[in-house]
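Contents: one structure, followed by commentary.
The values are calculated or read from the model by the stated rules, or taken from the named source; none is laboratory data. Treat the numbers as computed from the prediction; the structure is a model and nothing was measured. Please note: Cβ atoms are built from the backbone with ideal geometry, for glycine as well, and neighbour counts cover all protein chains shown.
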Amino acid sequence: MTEAVQSRHTLESATIRFAGDSGDGMQLTGTQFTNTSATLGNDISTFPDFPAEIRAPAGTVPGVSGFQIRFASEDIHTPGDRPDVLVAMNPAALKANIADLVPGGLLIVNEDAFGKSNLKKAEYGDVNPLEDGSLDTFRVVRIPLSTQTEQAVAEAGLNKKAAERCKNFYALGLVYYLYDRPMEQSMAWIERKFAKNAQIQDANKMALRAGYNYADTAEIFADTYQVPKARLASGTYRGITGNQALAMGLVAAAQIADKPLMYGSYPITPASDILHELARLRHYGVRTFQAEDEIAAIGATIGAAYGGAFAATGTSGPGICLKSEAMGLAVMTELPLVIVNVQRAGPSTGMPTKTEQSDLLQVMYGRNGDSPMAVVAPATPGECFTMAIEAFRIAVKYMTPVVILSDGYLANGAEPWKIPNLDQLPQIEVSHDIDPATFQPYSRNEQTLARPWAVPGQPGLEHRIGGLEKDDIKGNVSYDPDNHQKMTDLRAAKIAGIADDVPPLEIIGNADADTLVLSWGGTYGSILTAVNQFNNDGGNIAAAHFRYLNPFPANTAEVLAKYRRILVCELNNGQLDLLIRARFARETNSFLKVKGKPFQVSELLAFFKEHQA
Amino acid sequence: MTKSATLTKKDFSSDQTVRWCPGCGDYAILAAIQGTMPKLGIPKENIVFVSGIGCSSRFPYYMETYGFHTIHGRAPAFAAGLKIANPDLSVWLITGDGDGLSIGGNHLLHALRRNFDINILLFNNRIYGLTKGQYSPTSETGKQTKSSPMGSVEQPVNPIRFALASEASFVARTYDANPKHMAETFEKAAAHKGTSFVEIFQNCVIFNKDAFDDVYDRKVREENMIHLEEGEPLVAGKDVKQGVFLEGLTPVVRELTEETDPSTLLVHDSRQKSPIYANFLAAMEHPEFPVPVGVFRQIERPCYEEALEAQVRTAQEKAGVGKLEDLFKAGETWSVT
Ligand SMILES: Cc1ncc(C[n+]2csc(CCOP(=O)(O)OP(=O)(O)O)c2C)c(N)n1
Ligand code: SF4
Ligand SMILES: [Mg+2]
C-alpha cells in the first residue's frame with residue numbers, strides 16, 4: 001500500500017498499449033477499452049498489431065500481440081506515436097514494446113509471468129528486467145496478475161488454467177480505474193458473449209471487477225486520470241474499422257443503385273474480414289463467393305458485372321498479382337467492377353499482418369499492354385465507406401474497373417464514425433436502357449466515353465465481348481493497326497477524363513508556405529497531425545493528400561506549381577514519388593519508410609525540419 | 001422480343017466469318033450446337049457462350065447469342081459469377097484440353113464440384129491448336145511435337161475420369177464425326193440440372209490430324225466404340241459382338257458366344273448413385289477396350305446458384321430484408337449532442 005493521495009488529472013489525450021502473448025486476449029482487451037471510450041464520447045484511434053502466426057510459440061517475442069489505443073477530448077488523427085501506458089503481460093511483451101513507452105511512462109507488468117522459463121523464452125537470459133534497474137526511468141507497477149485473477153475468480157469454480165485466462169479482464173479493470181471509465185459496457189458484452197457459459201461469464205465479470213477494485217482500494221496508481229469528452233459533431237456514432245467501413249460502403253453503393261452486390265474473394269490477410277463482414281449479409285441481397293483462388297475470384301466478379309450486378313473483389317498484394325491478367329480483361333471489355341487491395345508489406349508473402357503502401361505502381365502499371373485503370377485510396381478507416389461508394393460511382397459511370405487501395409493500418413484501425421443519414425449518401429445512376437435498333441457494344445457516351453452496359457437477358461442486344469482487341473463502335477475482333485491505336489487512346493482518354501469528375505486536391509496546413517508535403521491513402525492521419533504540429537511550433541509548411549491516384553485530380557499540376565519544394569512521404573520505397581517526378585517533372589525529397597508500421601508524427605516532424613531550410 | 005418457337009439454326013449464326021482451318025472438327029461442333037439451340041426453346045437473349053482461350057474458345061464469336069471470350073483457362077470462374085448475377089441464364093462454357101485441363105484444371109475441378117447449372121463442352125483434340133501444336137495434358141505418352149521432339153514423357157489425363165473425380169453430376173462424351181450423336185448429347189446436357197460436362201473428340205487437322213480415327217472412323221467405329229444406351233448391355237462390334245463383363249474388380253471384353261449368359265453382361269445405368277460404375281466405363285480406353293461414348297453418369301445434386309438464392313431468401317425471412325440504417329447502427333452506438 002502506498003500513502004500517496006490519489007488525484008485525478010485531466011488530460012487532453014492518452015495512449016495505452018496492451019501487449020501480451022497472442023493467446024492472452026490483448027486484441028479483445030483493447031477493443032473493449034476502445035468501445036467504452038468511444039461511448040464516453042472520446043475521439044479514438046487504434047492500432048492493432050499482431051503476429052502472422054495464429055499461435056507463435058507461447059512466451060516468445062514473435063508471438064507478441066499488441067493493441068494501441070489513443071483516446072482524446074480533442075480531434076485526433078493517429079493512434080499516437082508512443083504509449084503513455086504499457087500493459088505487458090509477459091517478458092516477451094515487455095521486450096517487444098518497452099522501447100516505445102514514453103520516458104516516465106507507466107508500465108504495468110504481470111509479475112507472475114517473469115519466471116525463469118518465460119525470461120528465457122523472451123531471451124532475457126538470467127537477468128530479470130524487473131530487478132536489474134533497466135526500467136528505472138519508468139513508473140513500474142508490478143502486479144501478480146495471474147495469482148490475483150485466479151483468487152478473484154475462485155468462486156466461479158473454473159480450473160486453474162481457465163481461471164488464469166481471465167487475467168486480461170483483470171488488467172482491463174485496472175486500466176478502467178486508472179482512466180475513470182465505467183465497467184457496464186464490458187460487463188454487458190461479457191454477458192452477451194458468454195451467454196451460453198455461465199461459469200466463464202461469471203469468472204470474467206469477477207476478474208474485471210476485481211481488477212478495478214484492486215486499483216481503487218490498493219491505490220496502486222499514484223496518479224489517475226480522466227480524459228473528457230471530445231467535441232465531435234453531433235450525431236449518432238459507432239466505432240468502425242477500415243474493413244468494416246469498406247464492406248458497408250460496398251453494400252450501400254449497391255443499395256443506392258438498387259442492384260444486388262456480388263463479392264468474389266479468396267481469403268488473405270488483411271482483406272479477409274471484408275469477406276467475413278459481407279458473408280453475414282445475405283439478407284441485404286449480398287452474394288459472396290469464396291473462390292478457389294484470386295484468379296477465379298476476379299473472374300467470377302467480372303462475370304457478375306457482365307451479368308449486371310454490382311460486383312467487387314477484394315484481396316491483398318499477392319492476390320493482385322494473380323488477378324492482373326483478368327484486370328486487363330476488365331479494361332479491354334470495359335466492364336464496371338471494384339477491386340479492393342488491402343495492402344500489406346511485400347514483396348512476395350512479405351509481412352502479411354504489417355502495413356505498407358507499396359502496391360501503388362503495381363495497380364497502376366502491373367499489367368501487360370497499356371492498361372489504364374482508375375485508382376482511389378481512402379485516407380481514414382471511416383473514409384473506406386465513402387470511397388467504396390465513390391469507386392462504384394466511377395466504375396458504372398465510366399464503365400471501368402476501379403481499384404481501392406486500402407492498407408493493413410486502415411483495415412484494422414478503428415475510429416468513431418458518424419452514422420450518415422441515408423439522404424446524405426451520394427446517388428449512383430445506372431442505366432441499361434439501350435435501344436436495340438441503334439445498339440453498338442463499343443459506341444461511347446460523348447462526355448464520359450463509357451460504352452453501354454448491355455446485360456445478358458436483354459432482348460435484341462446479343463453481342464460478343466472478349467480480350468481480343470475490338471473495333472471501335474461495333475466491337476468485333478480487330479487487328480487493324482489504326483484501330484488499335486485509336487482504342488488504346490480512347491481507353492487512356494476515358495480514365496484521364498475522370499479527373500474533372502473528382503474533388504480537387506486540397507491544401508492543408510499553411511497554404512502560402514513554400515514547401516508542400518505530398519502523401520496519399522492511409523497516412524493521412526499522421527501527416528495531418530505532423531503538419532499541424534509543425535506549424536503550431538512555428539514552422540511553415542503546406543500539404544496535399546491524394547485520395548485519387550489515377551487520374552490525379554485536375555488541379556494537381558497547378559497546386560504543385562505553387563511550391564518551391566516538394567516533399568513526398570509514403571510507406572514504400574518511392575512510388576508516388578516516382579509518379580510525381582515523371583508526370584510533373586519536379587524534383588522531390590522523400591521520406592520513405594518500410595518497417596511495417598505507420599508513420600510516427602515525431603519522425604515526420606524531424607523530416608520536415610530537416611528540409612525546411 | 002425474339003420468339004424462341006420460331007427460331008431456326010440460322011438465327012444462331014453470327015455475322016462473323018468462321019476462321020478455323022478448313023476441315024477442323026470445330027465446324028461440325030458449331031453446326032451441331034447451332035442446330036441444337038432452337039430445340040431448347042430458350043430465347044436467344046437468355047443464352048450466353050463463355051469461353052477461355054484456344055482455337056475452340058473462338059466459338060462464342062460465331063454464335064448469335066450473348067458471348068464472352070475470356071482468358072486462358074478461367075472461363076469457369078466467369079460463368080460462375082454470371083450465374084450468381086443471373087441464375088436464369090442458359091450458360092454454355094467452351095473450353096479445350098489445354099484450356100480446361102492444363103491452365104484451367106483447377107477452375108474446372110471447382111466448377112464441377114460446385115454444380116452451377118451450366119454446360120461445359122471440352123473440345124479434346126489432344127493438342128494445343130492455337131499455339132501451333134505443342135503436346136497437351138491429353139496427348140498420349142510419347143507424343144512427338146515441336147515442344148516434345150523426343151516424345152512426351154507425361155502421363156495423359158482422361159477428361160471423363162477427371163470430371164468424375166471432381167464430383168460432376170453429368171458426364172458425357174461425344175465426337176465431331178457424328179452430328180446426330182452430338183446433337184443428342186447436347187440436348188441431354190442442356191436438360192440436366194447442374195453442371196453438365198461433355199468431352200468432344202475433336203479433330204485438329206493441322207496439328208493432330210485424325211487423332212481419333214482409330215476409334216471413330218466409320219470403318220472401325222462399330223468395333224472400337226460403345227454407344228452407351230440406357231438399360232442396354234455394353235456390347236461393341238458388328239459381325240462379332242464383344243461384350244463387357246466384370247471380373248472381380250476389372251472390366252474385361254470377351255466375344256459373345258452362344259454359351260454367354262446375357263445376364264452376366266454389364267448393363268448401362270448412368271443414374272447409379274455410386275460413381276464406381278461410371279469410373280469403370282471411363283477407364284475403358286483404346287486399344288484395350290472399345291471406347292464408350294454417350295452419357296456416363298447423371299445424378300441429381302443441388303446446384304450452387306439455387307442453394308445461394310435459398311440462403312438469401314432464408315436470411316430475409318429470418319431477419320427481414322436488410323435496411324442500410326440497421327446495418328450502420330449494428331453493434332454499439334452512442335450519440336453526441
Ligand atoms: C496466360 C496465357 N498463357 C498462354 C497462352 C497461349 N495459349 C493460347 S491457347 C493455348 C493452348 C490452347 O490449347 P487448347 O485449350 O487445347 O485449345 P485448342 O487451340 O486446341 O482448341 C495457349 C497455350 C495464353 N493465351 N494465355
Ligand atoms: S489448328 Fe487445329 S484446332 Fe485449330 S482451327 Fe486449325 S484444325 Fe482446328
Ligand atoms: Mg486442344
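List of remarks:
- Near pairs, Cβ below 7 angstrom, 6+ apart or cross-chain, from the stretch A:468-481 (away from every other protein chain (no Cβ under 11 Å) and farther than 15 Å from A:LEU329 by Cα) to any residue that is surrounded by 14 or more Cβ atoms within 10 Å (Cβ to Cβ) and among the aromatic types (Phe, Trp, Tyr): A:ASP472/A:TYR442; A:ILE473/A:TYR442
- Test for B:ASN119: is it in contact with a Cys (Cβ under 7 Å, 6 or more places away or on another chain), more than 9 Å from chain A (Cβ to nearest Cβ) and not aromatic (Phe, Trp, Tyr): no
- Meets criteria (more than 16 Å from ligand 1 (Cβ to nearest atom), more than 14 Å from chain A (Cβ to nearest Cβ), part of a strand (DSSP E or B) and not polar (S, T, N, Q)) for B:ARG161: no
- Residue match in the stretch B:277-285 (condition: in contact with a helix residue (DSSP H, G or I) (Cβ under 7 Å, 6 or more places away or on another chain) and among the charged types (D, E, K, R)): no
- Yes/no for A:GLY211 being among the small types (Gly, Ala, Ser) and within 11 Å of chain B (Cβ to nearest Cβ): no
- Number of residues in the stretch B:23-55 that are more than 16 Å from ligand 3 (Cβ to nearest atom) and either touching a Pro at 6+ places or on another chain (Cβ under 9 Å) or free of Cβ contacts under 8 Å to residues at least 12 places away in the same chain (or both) equals 11.
- Residue that is farthest from B:LEU108 (Cα to Cα), among those in the stretch B:28-52 that are more than 8 Å from every other protein chain (Cβ to nearest Cβ) and assigned to a loop (DSSP other than H, G, I, E, B): B:GLY41
- Only residues that are under 28 Å from B:LEU112 (Cβ atoms), within 7 Å of another protein chain (Cβ to nearest Cβ) and free of Cβ contacts under 8 Å to residues at least 24 places away in the same chain were counted in the stretch A:277-292, giving 1.
- Scan of the stretch A:388-437 for residues that are under 18 Å from the mean Cα position of the chain (by Cα) and assigned to a helix (DSSP H, G or I), ordered by number: A:ALA388, A:ILE389, A:GLU390, A:ALA391, A:GLY408, A:TYR409, A:LEU410, A:ALA411, A:ASN412
- Qualifying residue in the stretch B:56-64 (condition: under 23 Å from A:ALA311 (Cβ atoms) and within 16 Å of ligand 3 (Cβ to nearest atom)): yes
- Pair list, Cβ < 7 Å and 6+ apart or interchain, from the stretch A:127-146 residues that are in the same structural domain as A:CYS166 (by TED's automatic domain parsing) to residues that are loosely packed, with under 15 Cβ neighbours inside 10 Å: A:THR137/A:PRO103; A:THR137/A:GLY104; A:PHE138/A:GLY104; A:ARG139/A:GLY104
- Filter result (away from ligand 2 (no atom under 14 Å from the Cβ) and aliphatic (A, V, I, L, M)) within the stretch B:128-150: B:MET150
- Verdict on B:ILE94 being more than 8 Å from ligand 1 (Cβ to nearest atom), more than 9 Å from every other protein chain (Cβ to nearest Cβ) and either of a type in the set (A, V, I, L, M) or under 18 Å from B:TYR128 (Cβ atoms) (or both): yes
- Across the stretch B:263-294, the number of residues qualifying as part of a strand (DSSP E or B) and out of contact with any Pro (no Cβ under 6 Å at 6 or more places or on another chain) comes to 4.
Listed here are the residues, each with its yes/no results for (1) hydrophobic (A, V, I, L, M, F, W, C); (2) touching a Gly at 6+ places or on another chain (Cβ under 8 Å); (3) modelled with pLDDT of 95 or more.
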{"position": "A:PHE221", "(1), (2), (3)": "yes, no, no"}
{"position": "A:THR224", "(1), (2), (3)": "no, no, no"}
{"position": "A:LYS229", "(1), (2), (3)": "no, yes, no"}
{"position": "A:GLY242", "(1), (2), (3)": "no, yes, yes"}
{"position": "A:ALA254", "(1), (2), (3)": "yes, yes, yes"}
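- When the stretch A:530-581 is filtered for residues that are among the basic types (Lys, Arg) and in a strand (DSSP E or B), only A:ARG565 remains.
- Residue check for A:ARG70: under 16 Å from the mean Cα position of the chain (by Cα) and more than 19 Å from A:ASN243 (Cβ to Cβ): yes
- Selection within the stretch B:179-236 - away from ligand 1 (no atom under 16 Å from the Cβ), of a type in the set (S, T, N, Q) and in a loop (DSSP other than H, G, I, E, B): B:THR195
- The set of residues in the stretch A:231-267 that are within 10 Å of chain B (Cβ to nearest Cβ), aliphatic (A, V, I, L, M) and surrounded by fewer than 22 Cβ atoms within 10 Å (Cβ to Cβ) comprises A:LEU232, A:ALA233, A:ILE256.
- Among (1) aliphatic (A, V, I, L, M); (2) in contact with a Gly (Cβ under 9 Å, 6 or more places away or on another chain); (3) away from ligand 3 (no atom under 16 Å from the Cβ); (4) more than 10 Å from chain A (Cβ to nearest Cβ), the one test that B:LEU112 misses: (2)
- Which numbered condition B:ASP99 misses (of (1) away from ligand 3 (no atom under 16 Å from the Cβ); (2) more than 8 Å from every other protein chain (Cβ to nearest Cβ); (3) closer than 24 Å to B:ALA183 by Cβ; (4) in a helix (DSSP H, G or I)): (1)
- Residues that are in contact (Cβ under 8 Å) with a residue 12 or more places away in the chain, more than 16 Å from ligand 3 (Cβ to nearest atom) and out of contact with any His (no Cβ under 7 Å at 6 or more places or on another chain) within the stretch B:70-84 comprise B:THR70, B:ILE71, B:PHE78, B:ALA79, B:ALA80, B:LEU82, B:LYS83, B:ILE84, listed in sequence order.
- Applying the criterion of being free of Cβ contacts under 8 Å to residues at least 40 places away in the same chain and not aliphatic (A, V, I, L, M) to the residues of the stretch B:85-104, the residue that is farthest from ligand 2 (Cβ to nearest atom) is B:ASN86.
- Search result, residues across the stretch B:106-127 that are within 16 Å of ligand 2 (Cβ to nearest atom) and of a type in the set (Lys, Arg): B:ARG126
- Whichever residue in the stretch A:35-51 is within 11 Å of chain B (Cβ to nearest Cβ) and surrounded by fewer than 24 Cβ atoms within 10 Å (Cβ to Cβ) and, among such residues, is nearest to A:LYS229 (Cα to Cα): A:GLY41
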